[in-house]
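Participant: The structure's right below; bear with me while I get my questions together.
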Amino acid sequence: MIHLGNGILVTMDGCSFRFDPKRVQEGDVCMISHAHSDHLPTSFKVNKAICTPITRDFVKARRRKEIEICSDPRVKSLEAGHIVGSRMFLVKGEKTVLYTGDFCTREKESTKAAKPHKCDILITEATYGKPQYVFPDHSEIMSVAKDWLTELLGKGRSAVLFAYPLGKSQELTAYLKDLPVVLHPTIAQNNRILRAHGYDLADSEYDAAKTRHPFVYITSGLGKEADVVKGLVKAGAKTAAFSGWALDKRFMYQAGVDEAFPISDHCGFDELLDFVRKCSPEKVFTQHGFAKEFAMRVRCDLGIPAQPLVARQRTLDHFC
């Protein structure tokens, strides 16, 4: 039995397995896939969950809650490739259930690629579950972005890069390590948490009075930060956004940036379909993004029964 509500609940062999719950409660085997806020619990009746040490530390930083990492012999934690510390979960009982959470099958600077695993039931995200969302080679796009930045810096101009604070911001920090990169305080703090886990990430914060020009500033550009960005642009800085939605022709203009690079921490449509094929499940459940559309493509293209889990659909982030 699979239910959507407080996360995703799978009841099997008399046990309740709960993926990415909003409430961690007694009696469930609770699993937290990664540290993005829409996947982190907001309340804890018990302070135990299956997750990585990195996710645990972000729970402490973002939820002000100390949790104990636990385990269960029926649950296997697998690399998800989404952000640092992200995991998929393979649960073995009367059926084998694979829950992907958010995942990515491309190798990146700071994360390894997710790999398919044979299962009876697959619960997969479908953020980019339409055929028009096929991503170019990750290393090639990153190289193009770096060339653009190097040319700008050579002309004495700074750049403001918009990226998700946990995920692409670390990817950019790592890839651009030989450029004069400065960070929004939130991103710098995220990097410090990851440095404690052995990641070689810069954590220099932007300071209007001290930062030497030209520089590359990584930020989300949201909230009060918008005024800072406006000031930098007025002073001659160029802007660029890093998002999977940059595959849409209108994105650059809607985002109001000078450049847009189609980089995502999610799978593209072709990668999603290939992942499902290689998992060869008896049934597929889809969630997030184009869940209905992707379920239909799984049924039509692969001949596998599939249905969307669409209740309480979350809003898609601008910089996914």
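Each value in this text was obtained by applying a stated rule to the coordinates, not by laboratory testing. Small disclaimer: the values here were computed from a predicted structure and weren't measured. Cβ sites come from the backbone with ideal geometry, for glycine too, and all protein chains shown count toward neighbours.
Participant: Assuming 0.36 nm per residue, please report the length gained on full extension of the stretch K115 to E140 beyond their Cα-Cα distance.
Facilitator: The K115-E140 span can extend by a further 6.8 nm.
Participant: Taking 7 Å along the Cα-to-C-beta vector as the label spot, tell me the L179-S16 distance in nanometres, rounded to one decimal.
Facilitator: That separation, rounded to one decimal, is 4.8 nm.
Participant: How big is the equivalent ellipsoid of the stretch 1-136 along its three axes, where each semi-axis is √(5λ) from the Cα gyration tensor, reported in whole Å from largest to smallest?
Facilitator: 23, 19, 13
Participant: Residue-wise, which Karplus ³J(HN,Hα) couplings in Hz belong to the stretch 55-65, taking 6.51 cos²θ - 1.76 cosθ + 1.60, θ = phi - 60°, and x for glycine or proline?
Facilitator: 4, 4, 5, 6, 4, 4, 6, 9, 10, 6, 9
Participant: In addition: From the Cα gyration tensor of the stretch 138-261, with a ≥ b ≥ c the square roots of its eigenvalues, which class applies: rounded if a/c is under 1.5, or else prolate if a/b is larger than b/c, or else oblate?
Facilitator: In terms of gyration-tensor shape, rounded.
Participant: Starting from the 7 Å offset along Cα-to-Cβ, what nm value, one decimal, do you get for the label separation of A196 and H213?
Facilitator: Between A196 and H213, the simple spin-label model gives 3.7 nm.
Participant: Just want the answer: with Cβ charges of +1 for Lys and Arg and -1 for Asp and Glu, which residue in T219, G231, N190 is farthest toward the dipole's positive end in the stretch 190-241?
Facilitator: Highest projection toward the positive end goes to G231.
Participant: May I ask you to list the aspartates and glutamates whose Cα is less than 17 Å away from that of K48, ignoring any residue fewer than eight positions away on the same chain?
Facilitator: Within the straight-line limit of under 17 Å, K48 reaches these aspartates and glutamates: D20, E26, D28, D57, E66, E68, D72.
Participant: Just the number, please: Stokes-Einstein D of the stretch 193-243 in µm²/s, Kirkwood Rh from C-alpha pairs, 25 °C, 0.890 mPa s.
Facilitator: Calculated translational D: 191 µm²/s.
Participant: Additional query: How many nm is it between the label spots at K65 and R250, if each spot is 7 Å from the Cα in line with the beta carbon?
Facilitator: So the two model labels end up 3.9 nm from each other.
Participant: Run the numbers on the chain and let me know its relative contact order in percent, using alpha-carbon pairs under 8 Å that are six or more apart.
Facilitator: In percent, rounded to a whole number, it is 17.
Participant: Would you mind checking the stretch 167-182 for residues with the amide N under 15 Å from a putative spin-label position 7 Å along Cα→C-beta of T150?
Facilitator: Correct set: 175-180.
Participant: Quick one: which residues, 5 or more positions from Y164 or on another chain, have an amide H under 5 Å from its amide H? H modelled 1.01 Å from N in the peptide plane, none for Pro or chain starts.
Facilitator: Hits under the 5 Å cutoff: S169.
Participant: Now a separate question. Let me know the shape class of the stretch 57-160, please: from the alpha-carbon gyration tensor, a ≥ b ≥ c as square roots of the eigenvalues, rounded when a/c is under 1.5, otherwise prolate if a/b is greater than b/c, or oblate.
Facilitator: Oblate.
Participant: What are the ³J(HN,Hα) couplings of the stretch 158-164, residue after residue, when phi is run through the Karplus curve with 6.51, -1.76, 1.60 and θ = phi - 60°? Round to Hz, x for glycine and proline.
Facilitator: With coefficients 6.51, -1.76 and 1.60, one gets 8, 9, 10, 10, 9, 8, 4 Hz.
Participant: Check S243: other-chain or 5+ apart residues with amide H under 5 Å from its amide H, H built from backbone geometry?
Facilitator: Counting only residues 5 or more places away or on other chains, the set is F261, I263.
Participant: Where does each of R56, R18, R74 land when they are ranked from fewest to most other beta-carbon atoms within 10 angstrom?
Facilitator: Fewest to most other Cβ atoms nearby, the residues stand as R74, R56, R18.
Participant: Count the lysine pairs in the stretch 138-261 whose Cα atoms sit under 23 Å apart, keeping only pairs 8 or more residues apart in sequence or on different chains.
Facilitator: Pairs that pass both the separation and distance tests number 27.
Participant: I've got another one for you. Take the Cα coordinates of the chain, assign each an equal point scatterer, and use the Debye formula without solvent to give log10 I(q)/I(0) at q = 0.11 Å⁻¹.
Facilitator: -0.70
Participant: What list of ³J(HN,Hα) values in whole Hz, one per residue of the stretch 283-289 in order, does the Karplus curve 6.51 cos²θ - 1.76 cosθ + 1.60 (θ = phi - 60°) give from phi, with Gly and Pro shown as x?
Facilitator: For the stretch 283-289, the Karplus curve yields 8, 10, 10, 10, 8, 6, x Hz.
Participant: Between I50 and residues 5 or more places away or on another chain, which pairs have amide H atoms under 5 Å apart, with H built 1.01 Å from N, and which residues are they?
Facilitator: C30, M31, I32, C70
Participant: Here's something else I'd like to know. What is the P(r) of the stretch 188-320, as percent of Cα-Cα pairs per 5 Å bin from 0?
Facilitator: 2, 8, 13, 14, 15, 14, 11, 9, 7, 4, 2, 1, 0
Participant: By counting other Cβ atoms within 10 Å of each Cβ, how are T111, T127, T186 ranked from fewest to most?
Facilitator: T186, T111, T127
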